[in-house]
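Taking it in order: structure first as structure tokens, then the write-up.
The values are calculated or read from the model by the stated rules, or taken from the named source; none is laboratory data. Keep in mind that what you see is a predicted model, and the values were worked out from it rather than measured. Neighbour counts are summed over all protein chains in view; Cβ atoms, including those assigned to glycine, are modelled from backbone coordinates with ideal geometry.
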Amino acid sequence: MIKRKGPLDISKYCLLHSMIRSNSNRVLGVTLVLIWNLVMMSCSHPECVPRENGGSTRTLLPSNIIIKPGREGKDAQVSHYDPEKNFGDRRDLNALSWKENGLSYTERGFIDFNLEKYLPKGVRITSAHLKLFADTVKSYYGNTGHSNVNNGNFDLKNNWQLCRVLNPWDESTITWFDQPVTSETDVLNLSAPEFSSQGYTIDVTEYIKQEYEGVEGYHGFMIRLRSENAYQSVIFCSSDCEQKELRPELWVEYEM
């Protein structure tokens, strides 16, 4: 335990607090947070010590983390073209409607994050943003990235959605036939991409808050087209993508 004589001179720690708030290096930031918390716990300043009624005041320090899993991440594709097959290790995460060999079919993506693995217990989440990156490497029907039959004419047909998943699901077993139930009303509507390599940053704060707190009915997201009619697609990368920089990210800010 840190011992100190006399009350804490708060002004002497302003610089440390500023460094914690502004530092973008996660490892150093966490170290500084721990130092600050130890100092505050041992402080005899009137604003820091416990009060007679058991209450106390404490400074909530913001922290942030970027969750960007590799192959251990939880995401999968389901395809109407091959409805009994599992695509849990596929590199792409698509919302797609197309025709092949005269057969119309649809594909959807599912994604979730293991919040317990990456976030400390008892924090208060203040914001969360999901980042998805277009697959600009692999070619789909002669195109890379988002596309439709007009090869670059991105109109309203390519609008897509993030739907809240209501039931638990397993990346290694999910198929088109047994995809989990999703909410028909709790949906985020996303505009069609303006160019084939467009990435998206989506505010999912309320969803991640609920899932972190263990509220029932929050099991990630389904990615689908708003109108599932050929020919249109938005093509994202999954956590199984070989290009690490294109894997999905979850940016979370929280207070300790």
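Restricting attention to the stretch 242-251, which residues are surrounded by fewer than 24 Cβ atoms within 10 Å (Cβ to Cβ) and assigned to a loop (DSSP other than H, G, I, E, B)? Give the steps one after another, and end with the answer.
Here is the first cut: in the stretch 242-251, the ones surrounded by fewer than 24 Cβ atoms within 10 Å (Cβ to Cβ) are 242-246, 248-251.
If the condition is that a residue be surrounded by fewer than 24 Cβ atoms within 10 Å (Cβ to Cβ) and assigned to a loop (DSSP other than H, G, I, E, B), then GLU242, GLN243, PRO248 are the ones that fit.
Within the stretch 169-199, how many residues turn out to be in contact with an Asp or Glu (Cβ under 9 Å, 6 or more places away or on another chain), of a type in the set (D, E, K, R) and under 17 Å from ASN159 (Cβ atoms)?
0
Hey, can you tell me all the residues within the stretch 158-190 that are outside any strand (DSSP E or B) and under 12 Å from ARG224 (Cα atoms)? First the steps, then the outcome.
Going through the stretch 158-190, the residues outside any strand (DSSP E or B) turn out to be 158-159, 166-181.
Within the stretch 158-190, ASN158, ASN159 qualify.
Between a first residue in the stretch 151-166 that is more than 12 Å from ILE223 (Cα to Cα) and a second residue that is assigned to a loop (DSSP other than H, G, I, E, B) and modelled with pLDDT of 95 or more, which pairs have beta carbons less than 7 Å apart while being 6 or more apart in sequence or on different chains?
LEU166/PRO180; LEU166/VAL181; LEU166/GLY217; LEU166/HIS219
Restricting attention to the stretch 144-177, which residues are among the charged types (D, E, K, R), over 20 Å from the mean Cα position of the chain (by Cα) and at pLDDT 95 or above? Walk me through how you get there before you give the answer.
Within the stretch 144-177, the subset among the charged types (D, E, K, R) is 155, 157, 164, 170-171.
In the following step, the residues that additionally are over 20 Å from the mean Cα position of the chain (by Cα) were identified as 155, 157.
Those that are among the charged types (D, E, K, R), over 20 Å from the mean Cα position of the chain (by Cα) and at pLDDT 95 or above: none in the stretch 144-177.
Here are some residues: ASP186, ASP203. Which one is under 15 Å from the mean Cα position of the chain (by Cα), more than 15 Å from ALA95 (Cα to Cα) and charged (D, E, K, R)? Give the steps one after another, and end with the answer.
Values: ASP186 fails: under 15 Å from the mean Cα position of the chain (by Cα).
None of the other options fit; the residue is ASP203.
What are the residues in the stretch 191-216 that are assigned to a loop (DSSP other than H, G, I, E, B) and either among the polar types (S, T, N, Q) or surrounded by 19 or more Cβ atoms within 10 Å (Cβ to Cβ) (or both), if any?
Pass one, the stretch 191-216, residues assigned to a loop (DSSP other than H, G, I, E, B): 191-199, 204, 213-216.
Those that are assigned to a loop (DSSP other than H, G, I, E, B) and either among the polar types (S, T, N, Q) or surrounded by 19 or more Cβ atoms within 10 Å (Cβ to Cβ) (or both): SER191, PRO193, SER196, SER197, GLN198, VAL204.
Of the residues in the stretch 95-143, how many are more than 16 Å from the chain's Cα centre (by Cα), assigned to a strand (DSSP E or B), surrounded by 14 or more Cβ atoms within 10 Å (Cβ to Cβ) and not small (Gly, Ala, Ser)?
So the count comes out to 8.
Looking at GLU228, GLU211, which one is at pLDDT below 95 and within 25 Å of PRO168 (Cβ to Cβ)? Working first, answer last.
On the way: GLU211 fails: at pLDDT below 95.
On inspection, the qualifying residue turns out to be GLU228.
Pairs, please: C-beta under 7 Å, at least 6 apart or cross-chain, first residue assigned by TED's automatic domain parsing to the domain that holds VAL137 and in the stretch 184-212, second exposed (fewer than 13 other Cβ atoms within 10 Å of the Cβ) and of a type in the set (D, E, K, R)?
ALA192/ASP155
Evaluate the stretch 217-233: report whether one residue or more is among the aromatic types (Phe, Trp, Tyr), surrounded by fewer than 18 Cβ atoms within 10 Å (Cβ to Cβ), in contact with a strand residue (DSSP E or B) (Cβ under 8 Å, 6 or more places away or on another chain) and in a loop (DSSP other than H, G, I, E, B). Before the answer, list the steps.
Applying the first criterion (among the aromatic types (Phe, Trp, Tyr)) to the stretch 217-233 yields 218, 221, 231.
This time we only want the ones that are surrounded by fewer than 18 Cβ atoms within 10 Å (Cβ to Cβ), so: 231.
Among the residues that remain, those that are also in contact with a strand residue (DSSP E or B) (Cβ under 8 Å, 6 or more places away or on another chain) are: 231.
When the remaining residues are screened for being in a loop (DSSP other than H, G, I, E, B), the result is 231.
Yes, the stretch 217-233 has at least one match.
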